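A.B. asks: This structure is in structure tokens; I'll ask about it shortly.
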Amino acid sequence: MRIGILTSGGDCPGLNAVIRGAVLKGTEINDQEFVGFKDGWRGVVAGDIRPLERSDVRGIAKQGGTILGTSRTNPFEGNGGPERIQETLDRLGIDAIIAIGGEGTLAAAKRLTDAGLKIVGVPKTVDNDLDATDYTFGFDTAVEIATEAMDRLRTTGDSHSRCMVAEVMGRHVGWIALHSGMAAGAHAILIPEQKTSMEQVAEWVRSAADRGRAPLVVVAEGFTPDHADDAHSERGLDAFGRPRLGGIGERLAPMIEEITGIETRATTLGHIQRGGVPTAYDRVLATRLGMAASDIVQEGAWGRMVALRGTEIETVGFEEALGKLKTVPQHRYDEAAMLFG
Ligand code: F6P
């Protein structure tokens with residue numbers, strides 16, 4: 001069987017380890033051949049492929065980004081759509097697709113599978129917001145990077161007796177903020193799931209400062225203070241029509257300073273969280289998911305994706321994978337909040 005692999009949507013560390021896992025298992029055990037689609041669905045629609053043999057994936061598990069490139073192309077736009085894509089696959093002699101991507105990618109994969117294409121999925125979201133899988137690769141790396149950055153912010157905050165605000169990724173959910181904030185000993189963690197008043201934030205900041213600590217406030221980009229209706233966005237829409245987030249930290253800093261009188265600085269970590277080498281945990285998870293993706297292609301499990309459940313790799317249907325966001329449950333936030341202030 002000849003399989004085309006694509007990576008689509010925002011990148012994150014571990015994508016290359018998935019590709020390598022699938023190619024190694026596929027070529028060595030499952031008698032499969034591989035090609036790579038360049039730049040996600042764009043490569044599928046345009047029939048733009050590159051070779052993907054064992055030698056092409058040598059040493060890439062530790063490499064950040066994706067050797068295939070990625071984009072947020074919608075495969076139903078332009079020259080896309082199921083019939084044309086199937087014609088392209090037939091012309092290229094490709095029997096099936098492994099689509100590595102998040103919500104948007106898997107939604108497109110589901111529509112194409114419903115129309116008869118042979119596709120399996122591998123979940124990818126640095127925000128760790130897909131309910132159908134316990135963890136996604138890239139998340140652990142992002143948390144490590146954010147934690148290290150916060151440790152650094154704390155020493156400069158201490159030197160100047162300042163309040164430091166660290167903004168991390170997290171469009172709909174606050175997992176990166178919760179984990180990195182807990183690891184760094186933050187005095188407040190603000191996440192999209194919990195609307196919080198500025199008075200409450202100021203109380204936590206004052207309480208930390210009163211104990212002689214330089215307050216650290218961690219905020220997820222999708223956080224909405226209780227006086228606002230929507231998450232802060234000032235850079236228009238992305239290719240999926242979603243508001244580009246980012247900048248809430250810079251908005252909060254002057255408000256905190258004004259209410260508390262404590263000099264405050266904000267740092268937005270942004271795409272640094274998605275770059276560079278994956279952690280060992282992410283490499284292992286990504287490799288296992290890639291290997292399992294090769295296996296489910298062999299089984300012909302079209303319309304299903306691999307997922308981590310506990311410590312085992314299982315499979316779930318696209319519809320289940322798309323059904324629900326994995327938000328931070330109340331008890332996990334309350335547990336962290338006991339340490340605020
Ligand atoms: O969905 C993952 C994510 O990193 C979000 O946390 C963030 O809002 C978005 O992608 C950024 O996307 P882009 O790389 O297109 O700027």
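A.B. asks: Considering only protein heavy atoms, what per residue accessible area in square angstrom results for segment 76-185 with a 1.4 angstrom probe?
C.D. replies: So segment 76-185 comes to 36 Å² accessible per residue, rounded to a whole number.
A.B. asks: Can you give me the % of accessible surface on segment 139-275 that is carbon or sulfur? Probe 1.4 Å, all protein chains present, nothing else counted. Before the final figure, lay out the partial values.
C.D. replies: Values: 2660 of 5850 Å².
Of the solvent-accessible surface of segment 139-275, carbon and sulfur hold 45 percent.
A.B. asks: Report the one residue of 36, 260, 289 whose Cα lies farthest in the direction of the positive end of the charge dipole of the chain (charges on C-beta: Lys and Arg +1, Asp and Glu -1; origin at the Cα centre).
C.D. replies: Farthest towards the positive pole: 36.
A.B. asks: Expressed as a whole percent, how much of the Cα-Cα distance distribution for segment 67-152 exceeds 22 Å? Working shown, then result.
C.D. replies: Details: 1409 of 3655 pairs.
Every Cα pair in segment 67-152 considered, those over 22 Å come to 39 percent.
A.B. asks: Here's a follow-up. Is the C-alpha gyration tensor of the chain telling us rounded, prolate or oblate? Criteria: a/c under 1.5 is rounded; beyond that, a/b larger than b/c is prolate, otherwise oblate.
C.D. replies: It is prolate, given that a/c is not under 1.5 and a/b is the larger ratio.
A.B. asks: Could you compute how fast segment 207-335 diffuses translationally, taking Rh as the Kirkwood radius over C-alpha pairs and applying Stokes-Einstein at 25 °C with viscosity 0.890 mPa s? Give it in µm² per second.
C.D. replies: 129
A.B. asks: A further question on this structure: Please give the helix 198-210 orientation as an angle from the longest Cα principal axis of the chain, in degrees from 0 to 90, rounded to the nearest 10.
C.D. replies: On a 0 to 90 degree scale, this one is about 60.
A.B. asks: Moving on. Report, in degrees rounded to the nearest 10, the 0 to 90 angle that the Cα long axis of helix 175-184 makes with the longest principal axis of the chain.
C.D. replies: 50
A.B. asks: Using a cut-off of 12 Å between beta-carbons, work out the net charge of the residues near residue 213 (Lys and Arg +1, Asp and Glu -1, residue 213 not included).
C.D. replies: Result for the neighbourhood of residue 213: +2.
A.B. asks: Given the options 43, 174, 78, state which has the largest fluctuation in a GNM of the chain using a 10 Å cut-off (strictly under) for Cα springs.
C.D. replies: In the Gaussian network model the winner is 78.
A.B. asks: Here is a follow-up. Quote the charge dipole size of the chain about the Cα centre in Debye, to the nearest 20; the model charges only the Cβ of Lys and Arg (+1) and of Asp and Glu (-1). Let's see the in-between values first.
C.D. replies: Details: 37 positive and 48 negative charges, 144 e Å.
Using only the charged Cβ atoms, the result is roughly 700 debye.
A.B. asks: For segment 139-275, just say rounded, prolate or oblate: build the C-alpha gyration tensor, square-root its eigenvalues into a ≥ b ≥ c, call rounded for a/c under 1.5, and beyond that prolate if a/b exceeds b/c, oblate if not. Provide the component values of the computation, followed by the final result.
C.D. replies: Working: a/c = 1.90, a/b = 1.31, b/c = 1.44.
Oblate shape, in that a/c is at least 1.5 and b/c is the bigger or equal ratio.
A.B. asks: Another question, if that's okay. Just for the chain, what percent of DSSP beta bridges are antiparallel, to the closest 5? Display every interim value, and only then the final one.
C.D. replies: Numbers: 12 of 41 bridges.
If we restrict to bridges inside the chain, about 30 percent are antiparallel.
A.B. asks: To the nearest 10 degrees, how steeply does helix 248-260 sit against the main Cα axis of the chain, on a 0 to 90 scale?
C.D. replies: That works out to roughly 10 degrees.
A.B. asks: Still on this structure, please answer the following. Tell me, what is the FRET efficiency for residue 244 and residue 31 to the nearest 0.05, using R0 = 56 angstrom and their Cβ-Cβ distance as r?
C.D. replies: Taking R0 as 56 Å, the efficiency between residue 244 and residue 31 is 0.80.
A.B. asks: Another question, if that's okay. Let's see if you can work this out: charge +1 on each Lys and Arg Cβ, -1 on each Asp and Glu Cβ, no other charges. What is the dipole magnitude of segment 139-275 about its Cα centre, in debye to the nearest 20?
C.D. replies: On the way: 14 positive and 20 negative charges, 45 e Å.
The calculated dipole for segment 139-275 is roughly 220 debye.
A.B. asks: Given the rule -39500 (n - 2.57) for each run of at least 4 DSSP H residues, summed and divided by the residues of the chain, what is its mean residue ellipticity at 222 nm, to the nearest 500 deg cm²/dmol?
C.D. replies: Calculated mean residue ellipticity at 222 nm is -12500 deg cm²/dmol.
A.B. asks: List, in the order given, every pair from 25/118; 62/110; 62/324 whose Cα-Cα distance in the structure shown is over 27 Å.
C.D. replies: In this structure, 62/110; 62/324 exceed 27 Å between Cα atoms.
The values are calculated or read from the model by the stated rules, or taken from the named source; none is laboratory data. Here the structure is a predicted model, which is why all the values come from computation and not from measurement. Every residue, glycine among them, receives a Cβ derived from its backbone with ideal geometry; neighbour counts consider all protein chains shown. Quick note on the areas: whole protein, heavy atoms, side chains included, nothing else; ligands and nucleic acids left out. Shrake-Rupley method; radii C 1.70, N 1.55, O 1.52, S 1.80 Å.
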